[in-house]
1. What's the local net charge at B:VAL356, with K and R +1, D and E -1, over the other residues with C-beta under 14 Å away?
2. Going 7 Å from the Cα of B:ASP375 along its beta-carbon direction, which residues of region B:488-516 have the amide nitrogen within less than 18 Å of the resulting point?
3. Looking at region B:305-348, which trypsin sites (Lys or Arg not before Pro) are in a loop (DSSP not H, G, I, E or B) and have at most 16 other Cβ atoms within 10 Å?
4. Which ordering of A:TRP45, B:TRP503 is given by a fewest-first count of other beta-carbon atoms within 10 Å?
5. Considering every Cα-Cα pair within region A:60-136, what fraction, in whole percent, is farther apart than 15 Å?
6. What average number of partner chain Cβ atoms lie no more than 10 Å from the Cβ of the residues making up B:444-457?
7. In nanometres, what is the gap between the two model label sites at B:LEU307 and B:ALA425, each 7 Å from Cα along Cα-to-Cβ?
8. Fewest Cβ neighbours within 10 Å first, please rank A:MET93, B:MET450, B:MET200 accordingly.
Amino acid sequence: MSRRSLVAALVFGLVVAACSSGSGAGLSAASSAGAAHAVSVTGAWARPAPAGGSTAVYLTLANGGSSPDALVSASSPTGSVELHETSTDMNGMTGMSPVERIELPAGATVALDPGGKHLMVTGLTTALDAGGSIDVELVFEHAGPVHVAAEVRTP
Amino acid sequence: MTRRTAPVAPVDESTRILDGGFWLVLVLALACGALLLVSFVSGLGGGTGAPAAADEDALSPSAEASIAAIDPAVFLADTPEDAPPIDLTAADGRRFSLASLRGSPTFVFFGYTHCTDVCPATIGTVGEVLAETQDVDARALFVTIDPERDTPAWLTEYARYMPSGFVPLTGTPDEIATTAKAWDVQYAKVDEGDPTNYSMSHTATVRLVDAAGLVRATFPFGATRDQMAAALRDVVADPVTDQGTASGPTPATAAPASSAAAAASAAPAAQVPLTVQVTSTSVWAGPPSPIILSLSRDGAPVIDPSLHPTVQLRSAAGDPVGAPVTAVPVQPPGEDVVRYVASPKIPAPGPWRIDVSYPLPGTTAVGSADIAALDPGATPPIGGPAPTVHTPTLTDVAGVAKAVTTDPAPDLRLSSTSTSDALAAGRPFVLVVDSTKFRVSPACGRAIVMARFLLDRWPDVAFIHLEPYRYSIVTDTPVLDGSLEDPTLTDVAAAWGVGSQPWGVRSMPWTFVVDGRGIVRAAYQGVMGTDDVDVIVSMIQAGG
């Protein structure tokens, strides 16, 4: 098998596999911002970084309610926060760009993982050392603000 | 898997197309896969209840997952070629070349430290590979494509957060451009309107250079630890037999000149190699001034708080200079680490070497590190009295913060005490000469951020911020007297010698640490690392 077709075969196989496992993602709601809007945020973490530097906060959002919601902004007392997304172009160039909102349809789970969507934190006013945490306030369009303390650690 | 392809073999056209278009093929395949996923999920008719979210998020995680499934052999080069040279500046200011790592397989990655996602993820993955393959003694180079912000001083700070075995490198914009081009790395600033808070778009592949200096593998972003480790072991187990084209720089037999770790391997067999890292961001020629050392042996940090290693200064050629000095152990409160502070007298600015040793049962631990001593100009000599000038405080300006700081959101504690107050009270102080608004260098403003970070750790020490340049408040806005190209120092800043030659008035920031007796104990040009101030203040507070 040529390298090219091998890669294509593997990629296709994986995408389908990823899809079929998507519905089975279990979720335990950690915090909720009101009975009507059961938005939960779990598994928040951030990489260690020096004061003055930057990091990213990763987490999993889940909408257990019956109406759609969206993450529209985030902030932290420790730095400036933007909703960001990493993309890779045809030449293998990676880049990040801000996103205005992260949609969270009813019943959906959206993971913000390395290499994809994340909360970019710049201008850290304190160092983030492993074992510590960084406070982040997420604002959802309907559920309103949700406060999380992201654990500082390596993945 | 056998890949003893003769490196001299001509690259036939089909191979070239495959190599050049490989990622194109992969990305296209991923894009198709994502489309397939979209239609697949949509077809579920809400089975997961989340079609839109799944669509949006489909590409990134599945792309990574897909790459993870690829046989690592795919990443190996069919026709290994000589690694292009890398000859840049390390965090301590000394030159560092890839050729000096000849003999150790080395991962090479281009990125930038303000990158929040791709770079830390990649550095983390490579770090895990290094940790789990310690038997093969692999290294990793991180080459910045953002030399404006990634200065040596900043890299020193950042290096504390990198996995061990990583060497961060920077250079002039021209050097970086040349190096990146040779490595086929593209990069561009993504201007988001703020000249200091931009992101970069860049090629995020990781290359693996083997012990002979040949590029043996290229990993796309998203390659896993297991894939990289497998490829590394493959490369180590299967060297290219024909060394005929390995015509790069000669192996570094004069090891100490390159890296601390390489230097350690030069120790005679009867001795135990010691890895010496200089964590001070500034080392000064002139009177004895502190050099902060981090020591490790067999990959484990040396954290003996009673150890007093011996430090011998040597010329860059290796000749001993002056008598050996004894380093002092310092353990900052609440920290697990122990640093060792040596204060040799360095006769002149330029490259020097230090040998560090201490006795062990039946043997001696020995290591060395290169240092680059800076010219202190007319700054107050370390070990001598601090200038008795009065830095302005909020009280002096009737509480108008803008008159003493250009920080738009200042920490007023940095403007509440004058250096003259601290001197009169016998209180140690850290003076940070820096400007948030009048940024003559990309480092400007960062020393203030660092001071804010350290402030809470040391309530008995005064942290004092001094604006270096004269300015006026015009309708509520600080306006510089003169221009950013040729600003005018305040008399107080001039008294600290920060505008003196060879540095000049645009050499901000500067930081000085003064003990309770009014003696200057340390000075830093550029952003100081947390180690710098933390360790020296710990030493002072412990009565050292």
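Here, each number is a calculation from the coordinates, and none is a lab measurement. What you are looking at is a predicted structure, and each value in this text was computed from that prediction instead of being measured. As a convention, Cβ positions derive from the backbone with ideal geometry for all residues, glycine included, and neighbour counts pool all protein chains shown.
1. On the way: positive: B:ARG297, B:ARG314, B:ARG339, B:ARG353; negative: B:ASP304, B:ASP355, B:ASP370.
Local net charge: +1.
2. Residues passing the 18 Å test: B:497-508.
3. Loop-located and lightly packed - B:LYS345.
4. Values: A:TRP45 16, B:TRP503 19.
Final ranking by Cβ density, sparse to dense: A:TRP45, B:TRP503.
5. Details: 1875 of 2926 pairs.
Value for region A:60-136 (Cα pairs over 15 Å): 64 percent.
6. Working: counts 0, 2, 5, 1, 1, 8, 4, 1, 4, 7, 3, 0, 1, 0.
Whole-number average of other-chain Cβ neighbours for B:444-457 is 3.
7. 3.8
8. On the way: A:MET93 20, B:MET450 28, B:MET200 23.
Listed from fewest to most nearby Cβ atoms, that is A:MET93, B:MET200, B:MET450.
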